[in-house]
Amino acid sequence: MNYAEVRAAREVVGKYLPPTPMWSYPVLDAEVGATVLVKHENTQPVGAFKVRGGLNLLASLPDPGRGTVSYSTGNHAQSMAYASHVFGAPCTVVMPAAANPAKAAAVAAWGASVVLIGDDLAGAEEHATAIAAETGARLISCGDTPELVAGVGTLYQEIFEARPNLSAVLVPIGSGSGAAAATIVARELAPGCEVIGVQSELSPAAHDSWRAGSLLRRPNRTGVDGLATGRGFALTQAILRDALSDFLLVTDEQIAAAQALMARSAHTLAEGAGAAALAAVMADRERFAGREIAIVCTGGNASAAEIAAMR
């Protein structure tokens, strides 16, 4: 993949979505000792960044009427449902049986067919593959689909065009589409900026795959559904392997503390994955002290349990 694909995606995404805001907050800056710019992808119509990729993908399909089937813990599901609604295309999404009920309801509200099955994302993927084989619908991988990565790249265009001299941008990683897109755009628009990935230590498949230089499977035990992937994805890992500056692990408890800080200091309701980047900054204040950095609030679809746990 290359920057030209992201640039082309911007023409598509811009027809449907305005740029999202990016703000800094003095109380948050004082808390972590750095200038922290928060990119508010939580303000998207589905509450998460993945909608950019879904729109770019649906626009690229020669036969959207064939329909799509995908698998997701939540935000990719909403992205596919929303984009399919915009383009009038059939959409089926398979989600783990224990998926966030609010996210499943949102997917259905956009008109997609929701199938709740499997213990985790791997089980959902297996069932989605079977549905695609049976129905002829196009199977969409959340991590191995170039059109999704290109669409997501438009958010990093917005970041780096506004702040080309950023010291670092921290990106939560599940399948890795966000971080892969960030490296593609940073290489073109902000070559001096570090792109740092963040994942829960309870689901470290992407982290361990990147460290090892090969695709690995790992136990998937995090309670943060946006980071709950149990394997590395070939496309995103290939992009990240030579381009990602660093990859950090944080605990689910650190993510919960970052959610609470986002609510108090940045007036922002972030789901766990949306607060993971801030959790990494909080965990290593010395590394980021005095720097101007950006964190991506990738989503605001916090569950009722997450909201109740915030203090």
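Conditions tested, residue by residue: (1) of a type outside the set (Gly, Ala, Ser); (2) under 21 Å from the mean Cα position of the chain (by Cα); (3) surrounded by fewer than 24 Cβ atoms within 10 Å (Cβ to Cβ).
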residue	(1), (2), (3)
Gly14	no, yes, yes
Leu17	yes, yes, yes
Trp23	yes, yes, yes
Asn56	yes, yes, no
Ser70	no, yes, no
Residues located in the range 191-228, provided they are among the aliphatic types (A, V, I, L, M), surrounded by 23 or more Cβ atoms within 10 Å (Cβ to Cβ) and over 12 Å from Asp120 (Cβ atoms)
Val195, Ile196, Val198, Ala206, Val224, Leu227
Going by the conditions given, is Asp208 out of contact with any Asp or Glu (no Cβ under 7 Å at 6 or more places or on another chain) and farther than 25 Å from Ala4 by Cβ?
yes
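Does Gly290 meet the test of being modelled with pLDDT under 95, out of contact with any Phe, Trp or Tyr (no Cβ under 9 Å at 6 or more places or on another chain) and not aliphatic (A, V, I, L, M)?
Taking the combined requirement at face value, the residue does not satisfy it.
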Going through Ala128, Ala133 one at a time, which residue ends up being assigned to a helix (DSSP H, G or I), on the phi < 0 side of the Ramachandran plot and crowded, with 18+ Cβ neighbours inside 10 Å?
Ala128
Of all residues in the range 170-184 being hydroxyl-bearing (Ser, Thr, Tyr) and farther than 13 Å from His207 by Cβ, the one that is surrounded by the fewest Cβ atoms within 10 Å (Cβ to Cβ)
Thr183
Consider Gly274 carefully, then state whether it is touching an Asp or Glu at 6+ places or on another chain (Cβ under 8 Å), at pLDDT below 95 and not hydrophobic (A, V, I, L, M, F, W, C).
no
Answer yes if at least one residue in the range 141-150 is surrounded by fewer than 24 Cβ atoms within 10 Å (Cβ to Cβ) and either among the aliphatic types (A, V, I, L, M) or outside any loop (DSSP other than H, G, I, E, B) (or both), and no otherwise.
yes
Test: residue in the range 53-75 that is under 17 Å from Ser303 (Cα atoms) and of a type in the set (Gly, Ala, Ser)
yes
Has the range 63-86 got any residue that is among the basic types (Lys, Arg) and closer than 28 Å to Ala168 by Cα?
no
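Could you tell me which of the residues Asp208, Asp252, Asp284 is modelled with pLDDT of 95 or more, within 27 Å of Leu166 (Cβ to Cβ) and in the same structural domain as Thr183 (by TED's automatic domain parsing)?
Asp284
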If the requirement is being under 30 Å from Ala304 (Cα atoms) and small (Gly, Ala, Ser), which of these qualifies: Ala275, Ala289, Ala243, Ala238?
Ala275
Considering residues of the range 65-108 that are part of a strand (DSSP E or B) and not hydroxyl-bearing (Ser, Thr, Tyr) only, the residue nearest to Leu17 (Cα to Cα)
Cys91
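The values are calculated or read from the model by the stated rules, or taken from the named source; none is laboratory data. A quick note: this is a predicted structure, and the numbers were derived from the prediction, not measured. Cβ sites come from the backbone with ideal geometry, for glycine too, and all protein chains shown count toward neighbours.
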